[in-house]
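Just below is one structure, and these are the notes that go with it.
The values are calculated or read from the model by the stated rules, or taken from the named source; none is laboratory data. From a predicted model like this one, the values you see are computed outputs, not experimental measurements. Virtual Cβ from ideal backbone geometry, glycine too; neighbours counted across all protein chains shown. Ligands, DNA and RNA are stripped out before the accessible areas are found, and what is left, the full protein with its side chains, is counted by its heavy atoms. Shrake-Rupley method; radii C 1.70, N 1.55, O 1.52, S 1.80 Å.
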Amino acid sequence: MGELEFVRNLGIVAHIDAGKTTLSERILFRTGVERRMGAVHAGTTALDWMPEERRRGISITAAVTTVPWRDHVVHMIDTPGHVDFTVEVERSLRVLDGAVLVISALAGVQAQSEAVWRQARRHRVPGIVFINQCDRQGADFLRALADLRRRLGLLAVPVALPIREGPQLGGVVDLIARRAWVGEPGSGAHTEAAVPLELADEVELLRAELFEALAEHDDRLLAVLVDEREPEEALVRSALRRATLAGLIAPVLCGSALLDVGIDGLLDAIIEYLPSPRDRGDVHGALPGGGRGYRAPSVDQPLCALAFKFLRSARTELVLVRLYSGWLRVGDELVNPRNGAREVVGGVYRVHADSFDALPAAGAGDIVALAGCRATGTGDTLCAPGSEIALEGLVLPEPVMSLAVEPVAEAQRDALRAALAQFEREDPTLHVRDDPETGQWIVSGMGELHLDVLARRLDDEFGLTARFGRPRVTYREAPLGRGQGHARVERAMGAGTAWAEVELDIEPHPASEGVDVELGAELGLCDQRRAEVEAALRQGAQVGPREGGALGRARIVVQRVRTGLGKADGGGGEELLGDAARVALQSALAGLDVEVREPIMAFEVDSPAEVASQVMSSLLGHRAEIAEVRSEGNQTWVRGTVPLAGLFGYASLLRSASQGRAVCSLAPAGSRAVERPASARE
């Protein structure tokens, strides 16, 4: 690792089919990491390396790589664009410093474009925008730019403009330098040239808009403009960098990833406008004794890293971490503040998709994979011994769809359970639980595609074939009032009796679709017992009091814990404490009034105007609530929300209603109360 100022950690985010992976592949080629340009349609991409990704032509998992550019080290994560794999975007943005949002010049801002940009904003990750597919028929750069401003509420300012030569994309104009880069599309070779005369007026207008937007946030640039002087290029770029890092402005570039147009300009913009780890500043977290602490982005600080994803190599399981401070070497001992576990680093690796290069060490600002961290979970912090700090973990979406799984032969039962456990560890939005009545496993995930991919991966990666039930929506039960629970559990241990007592409250918590568990420091529990109580409560929350659905929009607050663990006090007792927590939760739920809630999705359907009425009729027939209908030219956009349960089979119906010309985009939109129909009950 070099100086922190020369490091960039960024994610490529987009709606599906905006060309995000093609763009990432071009970046690999332009930086010399790959010697050939991978193609999604041909299944030759380096970053979509899983057989199922190449088979479907979509990204399923976030792929990590590192590329060089202009003496900088760029750690890059190519994220999926499909809504079912949104957790891959969430956990990537949690550890990244910047983002590149890819927008199609044809479709503009789509549902998942909005979702990933909101995720970036929530993590305070500044970004730049690349308007892709400017070579396609019907592409409209200025319309996509207006869409960014209208749909995202974003002060998007273009710093590049596409050069169209008839139906071809001939190059791009650098608005700040007032120079063009032209060349043969697809060659990757572009030469500097004067701005085409037919674009001169438009270039001057866009430059004036850029300078005006920047001058609102930069007094030096404002003074130059007031004096009616031409600002120097360095002054404009430094002002744009400061505004971008502050999240005030998003620079907009353009080109075609497929034809390798505009890629060099984008790489330059990544270096010039996105933050280094030092720009992002200190990270803060909870200290073991209470209170808050921080770690500065420096190798001179104690080691602090966040685990955000698990990978499997041919030899072992690896955990991906972002290092925020300190140095990490093979053989170092680390502490996990969540559970007090000690981990010995068995290997440090630089990751390129599914390949791993061993490193002797890594430092602040790096994203690397570690071997040997078996007691670490997604979102855990790893620290140098004696300098523990727990960073904020991950906020994960709750599963919305479930299906039953069982082996085709009893001899495969143990292997199937082990494979499901491995997938559950890799993907924190995938939940697996036993169904004691049927002997099956109930697997819950983020949608039909998520669960279908699981079935194919079982065969590809483990050689297992399983029987799967029909997918069904996961309904949740939300408390309408407050419930109180108390339990005392006793058990004979050795010559005496050990006991544990738990008092807790459960109450509505509309800010979360899942369950929040609060255990205050005043309870006096060690890390292991806190973890046991929380795990027991989360397990108990999987079964609600009305119809057995998992709890949601709920907060469980543990008010009191008392123990008389006797001889168990020195070497256990956690299981007894967990049993008391589970029984206390059951007593709190016993008389609790709840409402059943179903997941809903935000949708956007883009269709030709002549079939818009058929599209709207099909949506209303699936219990959709239409919020907006917008027409432009021969296209109509319909937006609103629809229950997830109404989407089974909808893709086929939409194709039929629109003669295959309509496209539907979806994004999670929370839940709403419903009187669950008898046909949907288990």
Problem set entry | Residue in segment 319-331 that is touching a residue at least 12 places away in the same chain (Cβ under 8 Å), open to solvent by less than 10 Å² (accessible area, probe 1.4 Å), more than 22 Å from residue 99 (Cβ to Cβ) and touching a Phe, Trp or Tyr at 6+ places or on another chain (Cβ under 7 Å) present | yes
Problem set entry | Counted residues, segment 549-566 - those being more than 27 Å from the chain's Cα centre (by Cα), more than 13 Å from residue 578 (Cα to Cα) and open to solvent by 30 Å² or more (accessible area, probe 1.4 Å) | 3
Exercise. With segment 63-119 as the region, which strands (runs of 3 or more DSSP E) entirely inside it contain at least 3 residues that are open to solvent by 10 Å² or more (accessible area, probe 1.4 Å) and at pLDDT 90 or above?
Worked result: 63-69
Problem set entry | Leading residue by the ranking (surrounded by the fewest Cβ atoms within 10 Å (Cβ to Cβ)) among those in segment 16-34 that are within 21 Å of the chain's Cα centre (by Cα) and among the polar types (S, T, N, Q) | 22
Problem set entry | Residues (over 20 Å from residue 156 (Cβ atoms) and either open to solvent by 80 Å² or more (accessible area, probe 1.4 Å) or among the hydroxyl-bearing types (Ser, Thr, Tyr) (or both)) located in segment 219-242 | 219, 220, 226, 227, 228, 229, 230, 232, 233
Exercise. Being over 21 Å from residue 535 (Cα atoms), aliphatic (A, V, I, L, M) and open to solvent by less than 30 Å² (accessible area, probe 1.4 Å), is that true of even one residue in segment 476-497?
Worked result: no
Seminar exercise, completed: Per the filter on segment 152-167, residues surrounded by fewer than 17 Cβ atoms within 10 Å (Cβ to Cβ) and either within 17 Å of residue 668 (Cβ to Cβ) or touching a residue at least 12 places away in the same chain (Cβ under 8 Å) (or both) are 155, 167
Problem set entry | Cross-chain or 6+ apart pairs with Cβ under 7 Å, segment 198-217 first and touching a residue at least 40 places away in the same chain (Cβ under 8 Å) and farther than 14 Å from residue 250 by Cα, then buried (at least 16 other Cβ atoms within 10 Å of the Cβ) and not polar (S, T, N, Q) | 202/161; 203/161; 203/173; 203/175; 203/195; 206/158; 206/161; 206/175
Exercise. If you go through segment 454-511 one residue at a time, how many are touching a residue at least 60 places away in the same chain (Cβ under 8 Å), under 25 Å from residue 524 (Cβ atoms) and of a type in the set (Asp, Glu)?
Worked result: 3
Problem set entry | segment 526-547, residues that are open to solvent by 30 Å² or more (accessible area, probe 1.4 Å) and in a loop (DSSP other than H, G, I, E, B) | 526, 542, 543, 545, 546, 547
For this session: Have a look at 260, 174, 227 and point out the one that is out of contact with any Leu (no Cβ under 8 Å at 6 or more places or on another chain) and either modelled with pLDDT of 95 or more or of a type in the set (A, V, I, L, M) (or both).
Result: 174
